[in-house]
1. Can you give me the long-range amide H partners of H80? Hydrogens built in the peptide plane at 1.01 Å from N, cutoff under 5 Å, separation of 5 or more residues or another chain.
2. Just the projected area, averaged over all directions, of the convex hull on the alpha carbon atoms of the range 109-225: how many nm²?
3. For the range 156-275, what does the accessible surface come to per residue with a 1.4 Å probe? Please give it in Å².
4. From the helices alone, meaning DSSP H stretches of at least four residues, give me the mean residue ellipticity at 222 nm for the chain, per-run term -39500 (n - 2.57), in deg cm²/dmol to the nearest 500.
5. Pull out a ≥ b ≥ c, the square roots of the eigenvalues of the alpha-carbon gyration tensor of the chain, then state rounded if a/c is under 1.5, prolate if not and a/b is larger than b/c, and oblate in the remaining case.
6. Note down the Stokes-Einstein diffusion coefficient of the range 262-410 in µm²/s, whole number, using a Kirkwood radius over alpha carbon pairs, 4 °C, and 1.567 mPa s.
7. Go through F211, G188, L240 and say which Cα lies farthest out towards the positive end of the charge dipole of the range 166-322; charges sit on Cβ, +1 for Lys and Arg, -1 for Asp and Glu.
8. Label the range 154-310 by shape, choosing from rounded, prolate and oblate, from the square roots a ≥ b ≥ c of the eigenvalues of the Cα gyration tensor; if a/c is under 1.5 it is rounded, and otherwise prolate applies when a/b is larger than b/c, oblate when it is not.
Amino acid sequence: MNHKSVFRAIAALAMACMGFTVAVHADETCNSPYIAKLIKGQEDYVYVWTLGVEGLGDGSDKLVTVDVNPKSKSYGKVLHSLSTGARAEAHHMGFTDDRRHIWAGGLSENRIWVFDIATDPAKPKLVRTIGDLGDKSGYLGPHTYYALPGRMFVQALSNTKDKGGVTGMALYNNKGKHLGSYAMPTEGGGDGYGYDLAVNPKKNVMLTSSFTGYANYMRPLGELIKDGEAMKKFGNTMVLWDLKAIKPTKMLAVPGAPLEIRWSLNPKDNWAITATALTSKLWLVKQDAKGEWIAKEVGTIGDPSKIPLPVDISITRDGKGLWVNTFMDGKTRYFDLSNPEAPKQTYEKLTGKQVNMISQSWDGKRVYITSSLLANWDKGGADNEQFLRGFAWDGKELAQKFEVDFTKEKLGRAHHMKLGSKALRSAAAGG
């Protein structure tokens, strides 16, 4: 499918259903607040969770380590590639609270791969595979991995019964033992769909957003948009939860499909922001004057009529800036969030023919971008760029410093990123 045909497909999809979104999550400013070790100086590595491509290298999903320290002789080069031996639509990953392990998974099945990144941060080791998500919970397609003290919340996108969008969350301890399952609400305005989750501990609040099920996200895009019934099966809600009780307390209508959820890290703030794929809007979730949590549309991303398709966001550590990537036009935009009630775009740059994930360093001086969305939804031909690109940001301009061509390196489709450091090396990280 070429660029123009993909664009027409997306436009048709948008008109067919205002609940469509795309899968995207995380960087140093967007980790769980329970993760004890943040990299506040220069990171040494970017770990890239990569979708395998049949006929390219070994064809399997893999965790790729790239050297991103400008002082290194191997700066901008691949240091290590660890194959899973499977192709499972590799998507997202997350650190355990002690930052010794990365949990990663794919959207096409229920396996979760656990990598030791503490023994040798440059060369992760696969130390465990968790395969009981479906059996224990009935959920399919693990998407978000969110650390709690000694535990990991796993938000799924689908279910094993009909592979639809009604799903839930599974809770594990850090050793991989299943502790419980929590269904996404289907009453009181809930649609049962899941996508991302993020918590605000001081308010005892967890927010979740919504997407669609395996039956939709694993289909070729051109085929999917012709199925009218399938196009009705997308979520349009965010759910507010009591964090300690893990119980839903309020449903929030957020039309246009909410994506990643980012709480402001400013201690004075108690709000979160998200972006909607189809309507290209920014939404704020906050408490009103009466203390009630509300969702409020506060900004526009690009020209919604052209369906730029916002796919990932990254908030600055002071809560005053937001990066937004839009897949279809290949642009990266920066919004001033000094007034979160009225975000203002102050910068944009064409950073690829297709762009998806965006991650930034804690100090905001370095920005990393990858290209792949979903195997069946990425662009075709010359527009099917697959890369990790590193940029320097001086507050005025993004300057590209390096690129790793994942197709040329026979690695696959570059999707999610996490940052690593030599300083985080520690013993006894194995099982």
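1. T65
2. On the way: hull surface 37.8 nm².
The Cα convex hull of the range 109-225, projected and averaged over all directions, gives 9.4 nm².
3. Numbers: 4630 Å² over 120 residues.
Here the per-residue accessible area is 39 Å².
4. The helix-only estimate for the chain comes to -1500 deg cm²/dmol at 222 nm.
5. Rounded, because the longest to shortest axis ratio a/c is under 1.5.
6. 81 µm²/s
7. Of the candidates, L240 comes out farthest on the positive side.
8. Taking the square roots of the gyration eigenvalues as a ≥ b ≥ c, the range 154-310 is oblate.
The values are calculated or read from the model by the stated rules, or taken from the named source; none is laboratory data. Bear in mind the structure is a predicted one, so any value in this text is a computation, not a measurement. Neighbour counts run over all protein chains shown; Cβ positions are idealised from the backbone, glycine included. When the accessible area is computed, the model is the full protein with side chains, heavy atoms only, and any ligands, DNA or RNA have been set aside. Shrake-Rupley method; radii C 1.70, N 1.55, O 1.52, S 1.80 Å.
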